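Reading through the structure tokens given below for one structure.
The values are calculated or read from the model by the stated rules, or taken from the named source; none is laboratory data. Note that the structure is predicted; figures quoted are calculated from it, not measured. All Cβ positions, even for glycine, are placed from backbone atoms using ideal geometry, and neighbour counts span all protein chains on display.
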Amino acid sequence: MAKKVLVAADVRGGRLRKVTYEMLAAAGRVADGGTIAVAILGHQVENLATGLGDFGADMVYVADAPQLQEYTPAAYRKVFLEVVRGFAPDVILFAHSAVGRDLAPMVAMRLGAGQVSDAVDVAMENGQIVFTRPIYAGKAFTKVVVREGVTVATLRPNNLEAASGGQGKSGTIQKVDVQLEPVDLSTTVREIVQKATGGVDLAEARIIVSGGRGVKSADGFKPLYELAEALGGAVGASRGACDAGYCDYALQIGQTGKVVTPDLYIACGISGAIQHLAGMSNSKVIVAINKDPEAPIFQVADYGIVGDLFEVVPKITEAVRQLKAQGV
């Protein structure tokens, strides 16, 4: 049965994050020939709507206003619900990001909809939309179905293949009239302080080099940054390394940090506590480097190197550089 699917675009730094295209791919799976719409909220974001039809969007709603420059719950909720009323979707997809995790439950509550959080896969089975999500810190997976009413779901980034271009849809763009009352602007963002974590967004990185307590100090992260730079990846860390003051909490990966699913995850000096595994165990390929052959990280690793990371990592970096110099 054809369905109407609304994708909440994930915007950061004036651009659409990759997870937006992953949600468009998911929308294509579940729409079953129905209509796919994208909602873009922000300020000076009209240009982002151009070309989304090529990725499967039939309609693009653009809510562009200075009051939406930064995310505030009440304002975004009101404007997004206006889009929902105009489009009347059967399914609403959000990214499982900071904004999506906050906005999705508010929207679901106002609509009386069923919500599925942190889905890593979406499929059609016997005419029903089936979401797969991890439970027990990633030790197991459960399949969830919303049997009636509107379905609201958040999708974990980097788990679904992004929609490819060339679909040839027109992608009709419709501007949303943003009218906000003082009560909708009760929260005001005065300043945003961002911690620099490198040139590659950790949540979207295809390659991550991560360090734990085994790096021993802040200077111990230097070889990891060099390897990440050689590979074109990002640097992450375990909570232990963050708690020890070796790096900023912006790098933390785990149950209380970021959840990542890169193509390659290199764990350096990380023991493999269950809290850390919850944030990276779904990586496609895991390489562990640790002096302790009994470290739990080796139980989830595809490849393991028992050795001193300060000896192993520089050798890997040099090998990568040599291969790149040869054009490999």
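Is it the case that GLU161 is under 20 Å from the mean Cα position of the chain (by Cα) and modelled with pLDDT of 85 or more? Can you show your working first?
Working: under 20 Å from the mean Cα position of the chain (by Cα): yes; modelled with pLDDT of 85 or more: yes.
Answer is yes for this residue.
For the range 274-299, enumerate the residues that are of a type in the set (A, V, I, L, M, F, W, C), over 20 Å from GLU226 (Cβ atoms) and surrounded by 17 or more Cβ atoms within 10 Å (Cβ to Cβ).
LEU277, ALA278, MET280, ILE286, ALA295, ILE297, PHE298
I'd like the residue in the range 179-196 that is in a loop (DSSP other than H, G, I, E, B) and either touching a helix residue (DSSP H, G or I) at 6+ places or on another chain (Cβ under 6 Å) or touching a residue at least 40 places away in the same chain (Cβ under 8 Å) (or both) and, out of all such residues, is nearest to THR50 (Cα to Cα).
LEU180
Residue by residue, here is whether (1) assigned to a strand (DSSP E or B); (2) of a type in the set (Val, Ile, Thr) holds:
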{"site": "GLU226", "(1), (2)": "no, no"}
{"site": "ALA250", "(1), (2)": "no, no"}
{"site": "ALA267", "(1), (2)": "yes, no"}
{"site": "ILE270", "(1), (2)": "no, yes"}
{"site": "ALA278", "(1), (2)": "no, no"}
{"site": "ARG321", "(1), (2)": "no, no"}
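Which one is surrounded by the most Cβ atoms within 10 Å (Cβ to Cβ), of the residues in the range 1-16 that are of a type in the set (D, E, K, R) and in a strand (DSSP E or B)?
The extreme case among them is ARG12.
Return the residue satisfying two criteria in turn: it lies in the range 36-57 and is part of a loop (DSSP other than H, G, I, E, B) and over 16 Å from GLU22 (Cα atoms), and of such residues it is modelled with the lowest pLDDT. Can you show your working first?
In the first step, residues of the range 36-57 are kept if they are part of a loop (DSSP other than H, G, I, E, B); the result is 43-45, 50-51, 56-57.
Of the ones still in play, those that are also over 16 Å from GLU22 (Cα atoms) are 43-45, 50.
Details: HIS43: 94, GLN44: 94, VAL45: 95, THR50: 91.
Ranking the candidates gives THR50 first.
Quick check on my filter: what residues within the range 239-255 are under 12 Å from LYS216 (Cα atoms), touching a Leu at 6+ places or on another chain (Cβ under 9 Å) and among the aliphatic types (A, V, I, L, M)?
ALA241
So which residues in the range 160-191 are under 20 Å from ASP102 (Cα atoms) and surrounded by 15 or more Cβ atoms within 10 Å (Cβ to Cβ)?
LEU180, ASP184
Can you confirm whether ALA75 is in the same structural domain as ARG147 (by TED's automatic domain parsing) and over 22 Å from the mean Cα position of the chain (by Cα)?
yes
Let me confirm something: among PHE141, PHE131, which residue is among the aromatic types (Phe, Trp, Tyr), more than 18 Å from VAL84 (Cβ to Cβ) and surrounded by fewer than 16 Cβ atoms within 10 Å (Cβ to Cβ)?
PHE141
Here are VAL11, VAL84, VAL45: which of them is closer than 24 Å to VAL259 by Cβ and aliphatic (A, V, I, L, M)?
VAL11
Does GLN255 qualify as being polar (S, T, N, Q), in a loop (DSSP other than H, G, I, E, B), assigned by TED's automatic domain parsing to the domain that holds ALA273 and touching a residue at least 40 places away in the same chain (Cβ under 8 Å)?
yes
Would you point out which residue out of VAL313, VAL320, VAL300 is closer than 24 Å to LEU160 by Cα, β-branched (Val, Ile, Thr) and in contact with a helix residue (DSSP H, G or I) (Cβ under 8 Å, 6 or more places away or on another chain)? Can you show your working first?
Working: VAL313 fails: closer than 24 Å to LEU160 by Cα; VAL320 fails: closer than 24 Å to LEU160 by Cα.
It is VAL300.
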